[in-house]
Ligand SMILES: C[S@@+](CC[C@H](N)C(=O)[O-])C[C@H]1O[C@@H](n2cnc3c(N)ncnc32)[C@H](O)[C@@H]1O
């Protein structure tokens, strides 16, 4: 059947709200075999925490100024300039990432939900990490209203 042969993503998406949840997820989702890409690393504060839990991490940001500062603050870590929407440039980083962390300004509001989903879909398709953790209250809100038919909560409209 055609549907059986269609490409289906295996990447898990984890939506977090706020930087506290974003960082709290590291302990649960990152292990010492992981190669992690952080997108939107700013000065590398979260990159440094990720580094304590994984094999390798690369912090990236669209702003050369913040990358410069991240390098000064964390000389032991690797940083690069990357615009998240330039997925070809992300491929050119040449590494195989098992986990991706995304914390980009401009993706927080509820109206940015479609941008968030398309970004996740793009990275999951091209880099095929096991999981992408994203700081997006919009996605978390959306995901909390979703479940796969037959695997969802006990609650259903017909049940009291
Ligand atoms: C809230 S800060 C990140 C904080 C950081 N993750 C931490 O935990 O300390 C958001 C960052 O997203 C970056 N950013 C905005 N648009 C981006 C894009 N298109 N690609 C990559 N980074 C982007 C900004 O330059 C900014 O440094």
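Readers should treat all values here as calculations from the given coordinates under stated rules, not as data from a laboratory. Note that this is a predicted model, so its numbers are computed, not measured. Note that we place each Cβ from the backbone using ideal geometry, even for glycine, and neighbour counts take in every protein chain shown.
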Check your understanding: Efficiency by 1/(1 + (r/R0)^6): what FRET value for residue 12 and residue 105, r their Cβ-Cβ distance, R0 = 25 Å, to the nearest 0.05?
Key -> 0.55
Exercise for review: Please give the helix 18-29 orientation as an angle from the longest Cα principal axis of the chain, in degrees from 0 to 90, rounded to the nearest 10.
Suggested key: 90
Point to revise | Förster radius 22 Å - calculated FRET efficiency between residue 126 and residue 35, Cβ distance, rounded to 0.05 | key: 0.90
Review point. Once the Cα atoms of helix 64-73 and of the chain are each reduced to a long axis, what angle between those two axes, in degrees from 0 to 90 to the nearest 10, is obtained?
Key: 70
Practice item. Return one number: the angle in degrees, 0 to 90 and rounded to the nearest 10, between the long axis of the Cα atoms of helix 113-126 and the longest principal axis of the Cα atoms of the chain. Key: 70
Review point. Which order, highest average first, do 38-46, 82-90 follow once you tally other Cβ atoms within 10 Å for each residue and take the mean per peptide?
Key: 38-46, 82-90
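Please label the shape of region 9-143 as rounded, prolate or oblate, based on the square roots a ≥ b ≥ c of the eigenvalues of the alpha-carbon gyration tensor (a/c under 1.5 means rounded; beyond that, a/b larger than b/c means prolate, else oblate). Spell out each step's value before the answer.
Values: a/c = 1.32, a/b = 1.28, b/c = 1.03.
Rounded is the answer for region 9-143, as its axis ratio a/c remains below 1.5.
Give me the number: length gained by fully extending residue 27 to residue 89, i.e. 0.36 nm times residue separation minus the C-alpha to C-alpha distance, one decimal in nm. Mind showing how you got there, number by number?
On the way: separation 62, 0.36 × 62 = 22.32 nm, distance 2.84 nm.
Result for the pair: 19.5 nm of gain on full extension.
Quick check on the chain: helices-only [θ] at 222 nm, where DSSP H runs of length 4 and up contribute -39,500 (n - 2.57) each and the sum goes over total residues. Nearest 500, please. List each step's numbers first, then the result.
Working: 7 runs with 60 residues, N = 160.
Per the formula, -10500 deg cm²/dmol.
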